[in-house]
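Trainee: Below is a structure I'd like to ask you about.
Derivation of every value follows stated rules applied to the coordinates shown; laboratory data play no part. Treat the numbers as computed from the prediction; the structure is a model and nothing was measured. Counting neighbours? That spans all protein chains shown, and the Cβs are built from the backbone with ideal geometry, glycine included.
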Amino acid sequence: MHEHELNPWRTLIVLSVFAVLIVIGFFTLQKPTMKYDLNMKESLTVLNDKDACFYPWQLEKVIKKEVNNVVLFDIRDRFTYGQGHIPNSENISAFDLTNKENIKRLENLKKKNITVVLYGEDQLQANGPWMLFRQAGFKNVKVLLGGYKYYSEHKEDLAATKSDESYKKGTPRFDYAKIASPSNTGIEQPNSPVKKKVVVRRKKKAKAASGGC
Amino acid sequence: MNRNYIFLTILMLFLAVGTIFLNKTEKLKQIEPDKLLWEIIQPTRYVSTDQVAKMIIQQDPSLEIIDVRNEKEFNNFSLPKAINIPVDSLLSETSLENFGIPGTKVVFISNDDIKADQAWIIAKRLGFDGMYVMRGGLNCWMRTIIQPVEPPEYAPLTEFATYEFRKGAKLYFTGAKPENTETKKVKVIVKRRKKTKAASGGC
């Protein structure tokens, strides 16, 4: 006779301890700081949302503090931020974006319905973080079109950029097929310098006998 | 004794049934948001137009160019051997087959780099590796490879080297003949001096 058969509940006790351990494990499991809120298909459709972008001319009011429901986040590193940034913006480097404190702050801002505008050196730099936050359910996060570069070039007259199209991405700037065809490439490019003819003028000799030794 | 075995059998069966449900809930594997952000901020995910041009010219077999513009734009012009997958149809099963092949380098291109970048992020969320974005897109391609601009005289030597490479790449991609250097030669007009008429002194 085996010894453990003296206690018929033994297996049950071990099993229940096991179950309790698993349950405790589940509760103490570290929660990820962020979760995807949108599935893959929704993440694709949100890309076409025109309202998810922040336009350079909208900055004017933020800089003058005429609106108080917009916060600017500069996601470049501290050094480049120190060299120049949009007034009233705050520096949160892209490396620190998913810190717990920053996520909490973003959640608070979301609750208060305050728009968060991300910007980098160009639109491309902020595009990734913007997409990530959108997918994680932060509907208040927008991306600044043109980035800091466009802003610094046009900061004198931001209102005039309303009619400017040059910062908008995604459109072809050339007729590709025409430009890349062999017939086109023989044409001299306008920006290549035209070489000047060199004319050498000799000095004329004096006609009459002019002096001598 | 028998009861123990029954217990264990039931437990095993229960767990086995559980695994079936696990597989069903996660159809597309995704990486965690934190990891996705980490991947997003790596600058190594961008390639320049020169690098892409070099790979095409060298006929790198591992290169796979994905053009994310729409079909009409793709038919009008694209890079050699590019595959057209518009952003909207990125998630279809046939297009997903193009990603994650070991040893290939997938390069996303679009008019500018934003759309290509977005496609990269969507694909990255699904955990695919070996993907890149061509910085500047086709607009930059035209400015650098098809219409290279000569650097100013004070530019560093490396810029002249890139310029020379781009001029060669342009010939490769457009099929044009090299420019005739003969006509470009500077004409030097030398004016002969007139002979003096009279004997004009001397010693």
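Trainee: Which one, B:165, B:108, B:14, has the greatest fluctuation when you compute a Gaussian network model over chain B with C-alpha springs under 10 angstrom?
Mentor: Judging by the Gaussian network model, the answer is B:14.
Trainee: Could you work out the mean count of beta carbons from other protein chains within 10 Å of each residue's beta carbon in A:166-174?
Mentor: Mean partner-chain Cβ count within 10 Å for A:166-174: 6.
Trainee: Which cross-chain or sequence-distant (5 or more) residues have an amide H under 5 Å from the amide H of residue B:136, H modelled 1.01 Å from N in plane?
Mentor: B:113
Trainee: Taking the Cβ of residue A:159 as the center, what net charge do the other residues with Cβ under 14 Å away carry, scoring Lys and Arg +1 and Asp and Glu -1?
Mentor: -1
Trainee: Ok, one more. Taking amide H atoms as placed 1.01 Å from N in the peptide plane, list the residues 5 or more away in sequence, or in a different chain, whose amide H sits under 5 Å from that of residue B:46.
Mentor: B:133
Trainee: Between residue A:175 and residue B:57, what is the spin-label point distance in nm, taking each point 7 Å from the Cα along the Cα→C-beta axis?
Mentor: Label at residue A:175, label at residue B:57, 2.8 nm between them.
Trainee: While we're looking at this one, here's another question. Under 5 Å between amide H atoms, partner at least 5 residues away or on a different chain: which partners does residue B:65 have, H built in plane at 1.01 Å?
Mentor: Distant-sequence amide H within range of residue B:65: B:83, B:107.
Trainee: Now for a different question. With a ≥ b ≥ c taken as the square roots of the eigenvalues of the C-alpha gyration tensor of region B:33-144, please select rounded if a/c is under 1.5 and otherwise prolate if a/b is larger than b/c or oblate if it is not?
Mentor: Taking the square roots of the gyration eigenvalues as a ≥ b ≥ c, region B:33-144 is rounded.
Trainee: Given just the C-alpha atoms of chain B, how large is their convex hull per residue in cubic angstrom?
Mentor: Taking only Cα atoms, chain B has a hull volume of 216 Å³ per residue.
Trainee: What FRET efficiency comes out for residue B:160 versus residue A:113 if R0 is 41 angstrom and r is the Cβ-Cβ distance? Round to the nearest 0.05.
Mentor: In this case the efficiency is close to 0.15.
Trainee: Let me ask something additional. Could you please report the charge total around residue A:83, scoring K, R as +1 and D, E as -1 over all other residues with beta-carbon less than 12 angstrom from its beta-carbon?
Mentor: -1
Trainee: Pick out, in residue order, every one of the GluC sites (Glu not before Pro) in region B:1-82 that is DSSP loop and has at most 11 other C-beta atoms within 10 Å; say none if there are none.
Mentor: Those that pass, being in a loop and sparsely packed, are B:26.
Trainee: Let me ask something else about it. Can you pull the one-decimal nm distance between simple spin-label points at residue A:38 and residue B:6, each 7 Å off the Cα toward Cβ?
Mentor: The modelled label-to-label distance comes out at 5.4 nm.
Trainee: Calculate one ³J(HN,Hα) per residue across region B:140-146 by plugging θ = phi - 60° into the Karplus curve 6.51 cos²θ - 1.76 cosθ + 1.60, and present them in order as whole Hz with x for glycine and proline.
Mentor: 5, 4, 5, 5, 9, 8, 7
Trainee: Would you mind counting up the charge near residue A:44? Only other residues with Cβ under 13 Å from its Cβ, with Lys and Arg at +1 and Asp and Glu at -1.
Mentor: Residues close to residue A:44 contribute a combined charge of +1.
Trainee: Additional query: So what are the ³J(HN,Hα) numbers for region B:92-103, from phi and the Karplus equation (6.51, -1.76, 1.60; θ = phi - 60°), rounded to whole Hz, Gly and Pro as x?
Mentor: 5, 5, 5, 7, 5, 5, 6, 9, x, 7, x, x
Trainee: Given the pairs A:50/A:139; B:72/B:167; A:168/B:115; A:61/A:155, which are separated by over 18 angstrom at their Cα positions?
Mentor: From A:50/A:139; B:72/B:167; A:168/B:115; A:61/A:155, over 18 Å: B:72/B:167.
Trainee: With point charges of +1 on the Cβ of Lys and Arg and -1 on the Cβ of Asp and Glu, referenced to the Cα centre of chain B, which listed residue (B:165, B:10, B:96) lies farthest in the positive direction of the dipole?
Mentor: With unit charges placed on the Cβ atoms, the residue in question is B:165.
Trainee: Calculate one ³J(HN,Hα) per residue across region A:106-114 by plugging θ = phi - 60° into the Karplus curve 6.51 cos²θ - 1.76 cosθ + 1.60, and present them in order as whole Hz with x for glycine and proline.
Mentor: For region A:106-114, the Karplus curve yields 4, 5, 4, 4, 5, 5, 7, 6, 9 Hz.
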